[in-house]
1. Taking the stretch B:205-231 only, how many residues are away from chain A (no Cβ under 14 Å) and assigned to a loop (DSSP other than H, G, I, E, B)?
2. What pairs can you find where one residue is in the stretch A:161-186 and more than 11 Å from A:VAL197 (Cα to Cα), the other is of a type in the set (Asp, Glu) and assigned to a loop (DSSP other than H, G, I, E, B), and their Cβ atoms are less than 6 Å apart, with a gap of 6+ or different chains?
3. Show the residue pairs meeting these rules: Cβ distance below 6 Å; 6+ apart or different chains; first residue within the stretch A:205-233 and touching a residue at least 12 places away in the same chain (Cβ under 8 Å) and closer than 16 Å to A:ASP191 by Cα; second residue surrounded by 16 or more Cβ atoms within 10 Å (Cβ to Cβ) and of a type in the set (S, T, N, Q).
4. From the list A:ALA56, A:ALA40, A:ALA22, A:ALA86, exactly one residue is touching a strand residue (DSSP E or B) at 6+ places or on another chain (Cβ under 6 Å) and either more than 14 Å from DNA strand C (Cβ to nearest atom) or over 30 Å from A:ILE268 (Cβ atoms) (or both). Which is it?
5. If you check A:ALA166 against the conditions, is it away from chain B (no Cβ under 13 Å), buried (at least 23 other Cβ atoms within 10 Å of the Cβ) and touching a Leu at 6+ places or on another chain (Cβ under 6 Å)?
6. Could you grab the pairs with beta carbons closer than 8 Å, sequence gap of 6+ or different chains, first residue in the stretch B:34-57 and facing another protein chain (nearest Cβ under 7 Å) and within 13 Å of A:SER54 (Cα to Cα), second one in a loop (DSSP other than H, G, I, E, B) and among the charged types (D, E, K, R)?
7. From the list B:LEU55, B:LEU70, which one is over 17 Å from the mean Cα position of the chain (by Cα) and at pLDDT below 95?
8. So in the stretch B:137-152, with the set limited to residues that are away from chain A (no Cβ under 14 Å) and of a type in the set (A, V, I, L, M, F, W, C), which one is farthest from B:GLU298 (Cα to Cα)?
2 protein chains.
Amino acid sequence: MDVTIYEVAKRAGVSIATVSRALRGTGPVAAKTRDKVLKAVEELNFTPSRLGVSLAEGRHAANGVVFPDLAGPYYTQVLLGYEEVAAELGRSVVILSTKGRTRVNDLIKDLAGRVDGMLIFGHAAPDPLVAELVRLGVRLVFVSRDPLPGADTIRSENAASARALAEHLAGHGYERFAFLGAPLTSGDDVDERWRGVRAVLGGAIEAVATREYTVDCGFDAAKKLLKGKRPEAIVCSDDEVALGALLAAEELGLDVPGDLAVTGWDDIMAARHARPALTTVRQPMRELGARAARALDELITGVRDTPRHLVLTTELVVRSSCGAHPPSAERPASPALSGGPRPLRDP
Amino acid sequence: MDVTIYEVAKRAGVSIATVSRALRGTGPVAAKTRDKVLKAVEELNFTPSRLGVSLAEGRHAANGVVFPDLAGPYYTQVLLGYEEVAAELGRSVVILSTKGRTRVNDLIKDLAGRVDGMLIFGHAAPDPLVAELVRLGVRLVFVSRDPLPGADTIRSENAASARALAEHLAGHGYERFAFLGAPLTSGDDVDERWRGVRAVLGGAIEAVATREYTVDCGFDAAKKLLKGKRPEAIVCSDDEVALGALLAAEELGLDVPGDLAVTGWDDIMAARHARPALTTVRQPMRELGARAARALDELITGVRDTPRHLVLTTELVVRSSCGAHPPSAERPASPALSGGPRPLRDP
DNA sequence: TGCATTTGTGTAAGCGCTTTCAGCACGCAA
DNA sequence: TTGCGTGCTGAAAGCGCTTACACAAATGCA
């Protein structure tokens, strides 16, 4: 990768300006000249240095993405949606994982220096730093957090879906609930879900924290919870925690949904395959990433300069883990769902 | 991000060379001068442009990674291990997913132009392109593929582990086997596993392809397979396919391991939580990524310039999906395991 | 005190591109 | 013939840094 535009120019017997024009198609170049240039490029196997181009153009043609960890399908799916669209827009994606890192601020600032803008998951970057980045003019898009001045935010709807889910469970006749995977950060997705279910169930639901939103942590927390005076239904912060809860129930010899109802959130692939199949709320993870990439592109190209806060719709996916339903009766949308998530029976 | 070193120099009343030296600690700078510079840097909130630095230094301080998809824990874990070490070495990570992409060659070449070296999973890059990259002097490390001249390769041991697994299954007395998730590419990990088990089981095992290495595909293929004259044991290409097979068995009312033994590969988190818990071969996924990052660093810094082919050891993890074992008898290593994977009973 | 080192700083030459600007040659209408 | 585009090309000025080199000032030592 060290043949430069000068060597091409020399070989083609033209100036570097002409080589550049011929290659990018900017400005007029005589057909004969272009051929000479392309021939030289071919022979020398020339690829323009990305650094030279970026420095001259004043843009990186790269986006960053900051996430806490890549554990589980959620981050992965969003990331894939993001990368796909970014590639389509001619941008590379630079990743940064913050979990367990020291000097996160420096890492994020360094990242900011090598991209035109970045996607940040939830609260993966500390608020003061975010403010500084905004002040410096870094283009930012946040996923899964509360709106924030000066930057775009994109998230899936949580509150209404959570209320719908809670009402569905209440419709089963349950009276004692637990919310497993209590929010560790206010303003993030899980926090909204918690507020949503609590708005419906009030004092009938208690919050139980898990260390992380993983199967293991869900398992541990659920086991502990179920050994005490156990709830009739566990609403989990996400599907992974819910899978952990299912395992804990099985280990304790509890039948789901007979002895205990369990619900998740996200509708990851494993939710459908779980036994029993998991009632959950589907959020469009890949689309979240894709939209974020497009939003970022708009900010970078300057098509738009005022922040926008987008909320994607979700679907309540009723399967068997929340309790027995009449075998084939199509469930009508409850009033609470209007304008919110559409309920959906899984085949 | 648009205050330059010139403005800092002006404000501090020194030359840009001095600013650079003060900031990087190269060359002598009087304490008083340094303070002036640092003060100016602080006041202007200066961060050196990554592009300027890279262009001058002649290095990107970034590594690439090319994978087909990010589906499932395997790629994710390797990626995390890689990113962690790369960050530790002061390098960013630029990702590129190839699945479903057109013009993959261009994407990879573009990536090559913005990094100092890259990690490529299996056969995610076509061989002719790889040859060209090697010729161009791009530093490359491959994960999970057969050794290849001119580049490092790192993989987990497959053949011996596969033989050990096959012998373990044979020890259960099974006589009719299927290998689910037949290799689509010769030379990759799954291919080695298939060769390994076949070396032991010979004609007693038949290969069954799946479209991809996912739970869904494993489920579909297993269902089809189990409806015919079914084998007594299914050796799966990886854990995800195996989880699909478990689900298919359940759906068909087959007891695992009573009616059918199933094994996986990788030991992803879900393997331990599956019902029944999955017998599998553990491979050090994060370490694979971490080692790749270090190997790449060696190639880039020039500490080493001859390719190296590394094979990490694996562990046979015997759980319940392969058949009943005496409750607490520690399983001795079979002779076939010497030098190969260490067997391990999971609590 | 004189001379050889250090030490500290600035100048300027890159690094590999893009793009403005000026200039040249040509064709065509006046 | 003059004048005026028009099409094509090259020189050169950046883009934001690092660093070799030159040089002045400060220091060490006899």
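The values are calculated or read from the model by the stated rules, or taken from the named source; none is laboratory data. Remember, it's a predicted structure, so these values are computed and weren't measured experimentally. Counting neighbours? That spans all protein chains shown, and the Cβs are built from the backbone with ideal geometry, glycine included.
1. Selection size over the stretch B:205-231: 7.
2. Filtered contacts from the stretch A:161-186: A:TYR174/A:GLU232; A:ARG176/A:GLU232.
3. Short answer, once both residue conditions are applied: A:TYR213/A:SER237.
4. Testing whether each residue is touching a strand residue (DSSP E or B) at 6+ places or on another chain (Cβ under 6 Å) and either more than 14 Å from DNA strand C (Cβ to nearest atom) or over 30 Å from A:ILE268 (Cβ atoms) (or both) leaves just A:ALA86.
5. yes
6. Correct list of pairs: B:ARG50/A:ARG114; B:LEU51/A:ARG114.
7. Testing whether each residue is over 17 Å from the mean Cα position of the chain (by Cα) and at pLDDT below 95 leaves just B:LEU55.
8. B:LEU148
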